[in-house]
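Note sheet for the following structure.
Only the coordinates and a few stated rules stand behind these numbers; no lab work does. Please read these numbers as outputs of a predicted model, since none were measured by experiment. In this analysis, Cβ positions are derived from the backbone assuming ideal geometry, glycine residues included, and neighbour counts consider all displayed protein chains.
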Amino acid sequence: MLKLMLGGLAALLLVASAVLWMLRPGAQRPEGGAAPDFALPDQDGQSHRLGDYAGRWLVLYFYPRDDTPGCTQEACRFRDDIGILGDLDAAVVGVSVDDARSHADFARKYQLPFPLLSDPDGQTAAAYGSLLNLGLVRFARRRTFIIAPDGRIAARFDKVDPASHAQEVARTLRALQAAGTARQALPSSPKWTTYQ
């Protein structure tokens, strides 16, 4: 009985330490920082790099698995709102650790009009702080990054509701673009006078 209790306690401590390690502050990609580069194949075997999207907005979303309920709902919402996001000069790209063949089946089944990148070793997901590695099983966490035309992370979403996320991304893009336009309208070197 005592051995069973000690074994359970040891397993609980192992799981707790793994969770705390995954949530460590250094694992987060801060907004305003440079987005990590990537070179990954899509569902058609075409390679994509971060630099391919220079000069326009990029919605880079990580998801756990192809053709699962939440991932399908999220992908289909992006599909349905692709016109709105395109009007905001944003490209949409999905990333998971699934292989390109799985992505091709998923994209074809749901007529997804954007690239799904295969990250089988999880290096890109890890670079974005989005890899959940449980030893034998690993997958990308459901997270989204809006990357500005200059290659910096403009916004990140760690808590994603697949049903409404595409609309949330569009609202955030509008706000980011409006803020950028307002900054551009300000004089480049304002003159401030201090009175004592």
Give the peptides 113-125, 151-163 in descending order of average Cβ contacts within 10 Å, highest first.
113-125, 151-163
Going by average Cβ density within 10 Å per residue, which order do the peptides 35-44, 133-142, 91-100 take, highest to lowest?
91-100, 35-44, 133-142
